[in-house]
Each structure stands twice: as C-alpha cells, then as structure tokens.
Amino acid sequence: MTPNKKPVRVMLVDDSPVVLHILKKLLVNSQAIEVVGVFTDGNEALASLSSLKPDVICTDYHMPKINGLELIMQIMESDPKPILVISSAVQAQGDENTIFALLEAGAVDVFPKPLVQTEDEFIKNGDRLVKKIILLSGVHTFRRKRKDRPGGESFEQVKPKDFKPGKSFKIIGIGASTGGPQVLTELFDAFSIPQQPPIVCVQHISEGFIAGFIDWLDRATPLNVGFAREGGLPEIGNIYFPPENTHLKFDKSGRFNFPKL
C-alpha cells in the first residue's frame, strides 16, 4: 500500500462462521485491506451498510433468510457498492446461469471457494483474492432498480436510446474489464438498430467463463452474439468475441486473426 493511501474497507457476508474467520484472517494480513464487518445474516449486513460504509462487499451465494442474489439486488437498489461473490456456486463449469444472474443483478465479479474449505486451501489463492478486492474498490457502481419492479430500468442513468452510429461507422470496437458484463447488456440494447454495424468486443474475464458469458449475452440481447472464426469477415448485426486465450486481430483483408496469448 502506498503511503497515506487508506485501506480498502471490506464487509464479509457468509452463513459459515468458519469461512468468515478464515477470510477475515486472510484479508487482515494485507495492509491494503481493513475488514469493517463480518455477518452470517444478510439482513444484518444490509442494516449496517450506512454505518460501516464498506468500499467492497464480499458475499456468499447460498445463505438462509436472504441468499446472495437477493442481497445483491437490495444493495444495488438502495446503496450500491462493488460486490464480489465468493462462493462454491460460481465454479467455471456448470454454474454459468448462477454466475451471470449474479452479474446481471449487480455483482462486479465472482471468486470460487475452494472445494475443500480449509484455511490452507484459501491461502493458496489468497494473494489473488486480495488483488481482486483492491481492484474492485476502484469500480464505480450505479444504483440499479430491480427488473422485477414495475417500470424498472437497470441503471439510474438514462440509456442512450437515441444512439445512431450513422453510415460512417463500418465496425464498432468495445473493450471491457472488471464490471464490464453488466454494462455490455445495457450498451448492446442501445446498439439494436437496423443495419447495425458489426461489433467486435474483448471482455477480460476469468478462464473458463467466456463461453457461458457469450451464451448469456446472446439470450439477453436481440443481436447475434458468438465467437469470431479464424479467417471470417465481421457481418452486419453480429457481436463477436475472440476465442479464449487469444488476441483479436484483423489481417490486411479485414478478416479475423487470433494469435495465441
């Protein structure tokens, strides 16, 4: 931590006291993080938001009384904060629907719990967890009205519904990192116009998630979303992502080319 820089204030929410103890012990070893509250009950965490003022909230998904998804929706509607879901329900394979439901609700990122939840197993990825929390502390969040409420819009700001790229645009490029998945769904809605120029998108996302992410976007937007093909040409009305572990480039003829990372 650089001199005079305040530590990141972190709130932990998990129904397991053992996991909370391990996470707190792991995080307080970093001078860049201050754990300001630990809760086994999501409702108690909600009630303490205004007094504790966390910079980042880390929550489990499977919890009694109020699960992680409901907790996220309530936080993002009332007092938005960067939220990291730390859970066994966010493994890369088989949990795509859960993962992207959490991201759509407002979570900024996910972090899988180790299959064996011992202190030694958590420590193995401790540095990565600390870096992710510090990164999330710099993400600007927006109040999100719940979509299950009448007339609910996702973001508090007005969508650019009158966006018209015009004929001068032949292709649109988008780059996104942490916090990008939620924004892309809103952005793609604005791009849904006749003769939409092709969109080429690069999203920084954990290994193993890109295929599920593309399926989720394809269901959430009226445009066609999929992987670009080596040697293919971008076509009107489509959104393209590069295959996992590749760069996205074009050759001299404007065709997709994917050098390995």
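Laboratory data are not the source of any read-out in this text; all were calculated from the coordinates shown. Predicted, not measured: the structure shown is a model, and the values here were computed from it. Here the Cβ positions follow ideal geometry from the backbone for every residue, glycine too, while neighbour counts run over all protein chains shown.
Could you tell me which residue out of Asn43, Gly212, Asn67 lies farthest along the dipole of the chain toward its positive end? Charges go on the beta carbon: Lys and Arg +1, Asp and Glu -1, centred on the Cα centre.
Value: Gly212.
How many percent of DSSP beta bridges within the range 172-257 run antiparallel, rounded to 5?
Details: 2 of 13 bridges.
Roughly 15 percent of the beta bridges in the range 172-257 run antiparallel, per DSSP.
In this model, which of Lys81/Lys124; Lys6/Lys113; Lys5/Lys53; Lys65/Lys132 are farther than 19 Å apart at the alpha-carbon?
In this structure, Lys81/Lys124; Lys6/Lys113; Lys65/Lys132 exceed 19 Å between Cα atoms.
Where the only charges are on Cβ atoms (+1 Lys, Arg; -1 Asp, Glu), what is the dipole of the chain about its Cα centre, to the nearest 20 debye?
960
Pairing the Cα long axis of helix 180-190 with the longest principal axis of the chain, what angle in degrees results, from 0 to 90 and rounded to the nearest 10?
40
Please list 3J(HN,Hα) in residue order for the range 221-238, calculated via the Karplus relation 6.51 cos²θ - 1.76 cosθ + 1.60 where θ = phi - 60°; whole Hz, with x for glycine and proline.
10, x, 7, 7, 10, x, 6, 6, 9, 3, x, x, 9, x, 10, 4, x, 10
Taking the alpha-carbon centroid of each part, what is the distance from the range 94-145 to the range 1-75 in angstrom?
A separation of 12 Å, based on Cα centres.
Please determine, in degrees from 0 to 90 and to the nearest 10, the orientation of helix 126-136 with respect to the longest principal axis defined by the Cα atoms of the chain, where the helix direction is its Cα long axis.
That helix lies at roughly 60 degrees to the long axis.
Taking the Cα centre of the range 8-136 as origin and charging only Cβ (+1 Lys, Arg; -1 Asp, Glu), how large is the dipole, in debye to the nearest 20? Before the final figure, lay out the partial values.
Values: 11 positive and 18 negative charges, 83 e Å.
Computed about the Cα centre, the dipole is about 400 debye.
For the range 8-136, just say rounded, prolate or oblate: build the C-alpha gyration tensor, square-root its eigenvalues into a ≥ b ≥ c, call rounded for a/c under 1.5, and beyond that prolate if a/b exceeds b/c, oblate if not.
rounded
Round to the nearest 0.05 the FRET efficiency obtained for Lys131 and Asp251 when R0 = 51 Å and r is the Cβ-Cβ distance.
Values: r = 35 Å, r/R0 = 0.70.
Approximately 0.90, to the nearest 0.05.
³J(HN,Hα) across the range 28-42 via Karplus (A = 6.51, B = -1.76, C = 1.60, θ = phi - 60°), whole Hz, x for Gly/Pro?
Per residue, the Karplus-derived 3J(HN,Hα) values read 5, 6, 8, 5, 7, 10, 10, 7, 9, x, 10, 9, 9, 10, x Hz.
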